[in-house]
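*Asks:* Structure in structure tokens, see below.
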Amino acid sequence: MFKKTWFTFEVISDGIFSMNLTTPVPFTSITPAIDYKKSIVFMGSCFSQNIGNKMNYYGFDTLINPFGTLFNPMSIGALIHRSIHDLSFTTSDVEDHFSYLAHSDITGTDKTAVSDAMNTAGLVLKSILTSASHIFITLGSAWVYRHKEKNMIVANCHKQPAKLFQKELLATDQITQVLHQITQDIHAINPDAVITFTLSPIRHIKDGFVENQRSKSRLHEAIQATCEATTAHYIPVYEYVMDELRDYRFYGRDLVHLNELGIELVWLRFRESVINTTVLPIMNQVEKYRKLESHRPKDHSAHQQQLSQVNQQLLTVYPFLQL
């Protein structure tokens, strides 16, 4: 093999070359690997939502962001801590129809409805964390917004006036401390849980290009320090997107979020890293069912009958599927 500055050539046979136009990023396999007997939790940025949705699609027992999408490590850590330690949410944690502690997915008609929804989310999270085999936490940004009057870091500004908040950049030590606390809290109730951190490949360019890179760098260093000091793992999704998918054809119209193709390619690498290959035949059958499920038939009644029949066949053979 001989190298060029922008790609490599590999000799296949006399006079025939193949070009490698990417920089391959190696993924280390996580053990134990995930199968259908496992339960999984995804928390964090919208990337965790994307991959969690893929796990749901294939019928795995998956909990995704019970408090909604969360970007900063402080909010993720606080909600995990309160849930595990049964620290209830009250109406004092709520602003009319939302809470600064959670995403806008947690909402209600009044304060009581919102606090009840948050307590339900906390109970669900603790219950699943107690028995989950794998927990994936994706960090999105080290930039946080502190509510000036309340002197608290918010999980979401809920489109409130900017003058209410002060923007801050978390120190690496702060992030490392909260990641250590997350691992301690989870392992206190579930010592065998496999905790894996990922760094969101979504660039927060509204913060600024330089500011986004500072943020990602601090998150990355804190994750690596935590993995070195604990049994936690890291999957290089961020590196994969930055190096192998370094092309805007993998992004949506905002040129920031991955499009369907980009998400699919990340999912394939993620799947190779964490899912037991023995379940791939089952996943293929579930995929056929999902495609049938999304089909728009001319005869709706016949389609529903066929769908119900396939559903029952799958659940008879594989009763553990979450369809």
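*Asks:* Counting only residues that are charged (D, E, K, R) and either without any contact (Cβ under 8 Å) to a residue 24 or more places away in the chain or not assigned by TED's automatic domain parsing to the domain that holds VAL25 (or both), which one in segment 258-270 is farthest from PHE209 (Cα to Cα)? Don't jump to the end; show me each part of the working.
*Replies:* Taking segment 258-270 and keeping what is charged (D, E, K, R), we get 260, 264, 269.
Still in the list and also either without any contact (Cβ under 8 Å) to a residue 24 or more places away in the chain or not assigned by TED's automatic domain parsing to the domain that holds VAL25 (or both): 260, 264.
On the way: GLU260: 24, GLU264: 26 Å.
Only one residue fits best here, namely GLU264.
*Asks:* If you scan segment 35-64, which residues turn out to be under 18 Å from HIS257 (Cα atoms) and outside any strand (DSSP E or B)?
*Replies:* Listed by number, the residues that qualify are SER45, CYS46, PHE47, SER48, GLN49, ASN50, ILE51, GLY52, ASN53, LYS54.
Table: residues versus (1) in the same structural domain as LYS54 (by TED's automatic domain parsing); (2) among the aromatic types (Phe, Trp, Tyr).
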| site | (1), (2) |
| --- | --- |
| CYS227 | yes, no |
| ALA232 | yes, no |
| PRO236 | yes, no |
| TYR240 | yes, yes |
| TYR248 | yes, yes |
| ARG253 | yes, no |
| VAL256 | yes, no |
| GLN285 | no, no |
| ALA302 | no, no |
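Table: residues versus (1) exposed (fewer than 11 other Cβ atoms within 10 Å of the Cβ); (2) assigned to a loop (DSSP other than H, G, I, E, B); (3) free of Cβ contacts under 8 Å to residues at least 12 places away in the same chain.
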site: ILE282; (1), (2), (3): no, no, no
site: ARG290; (1), (2), (3): no, no, no
site: LYS298; (1), (2), (3): yes, yes, yes
site: SER301; (1), (2), (3): yes, no, yes
site: GLN309; (1), (2), (3): yes, no, yes
site: GLN322; (1), (2), (3): no, yes, no
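Yes or no, residue by residue, for (1) surrounded by 21 or more Cβ atoms within 10 Å (Cβ to Cβ); (2) among the polar types (S, T, N, Q); (3) over 28 Å from LEU258 (Cα atoms):
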| residue | (1), (2), (3) |
| --- | --- |
| MET118 | yes, no, yes |
| THR130 | no, yes, yes |
| ARG146 | no, no, yes |
| ASN156 | yes, yes, no |
| ASP185 | no, no, yes |
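*Asks:* Taking segment 212-256, which residues are in a loop (DSSP other than H, G, I, E, B), modelled with pLDDT of 95 or more and under 18 Å from the mean Cα position of the chain (by Cα)?
*Replies:* Step one: list which residues in segment 212-256 are in a loop (DSSP other than H, G, I, E, B), which gives 230-232, 235-236, 245-247, 252-256.
After this cut, where a residue has to be modelled with pLDDT of 95 or more as well, the list is 230-232, 235-236.
If the condition is that a residue be in a loop (DSSP other than H, G, I, E, B), modelled with pLDDT of 95 or more and under 18 Å from the mean Cα position of the chain (by Cα), then ALA232, ILE235, PRO236 are the ones that fit.
*Asks:* How do the strands (runs of 3 or more DSSP E) wholly within segment 68-157 filter down when requiring 1 or more residues that are without any contact (Cβ under 8 Å) to a residue 60 or more places away in the chain and either more than 12 Å from MET43 (Cβ to Cβ) or out of contact with any Gly (no Cβ under 9 Å at 6 or more places or on another chain) (or both): which remain?
*Replies:* Numbers: elements: 134-139, 143-147, 152-154.
Correct list: 143-147, 152-154.
The values are calculated or read from the model by the stated rules, or taken from the named source; none is laboratory data. Please read these numbers as outputs of a predicted model, since none were measured by experiment. Cβ atoms come from the backbone with ideal geometry, glycine included; neighbour counts cover every protein chain shown.
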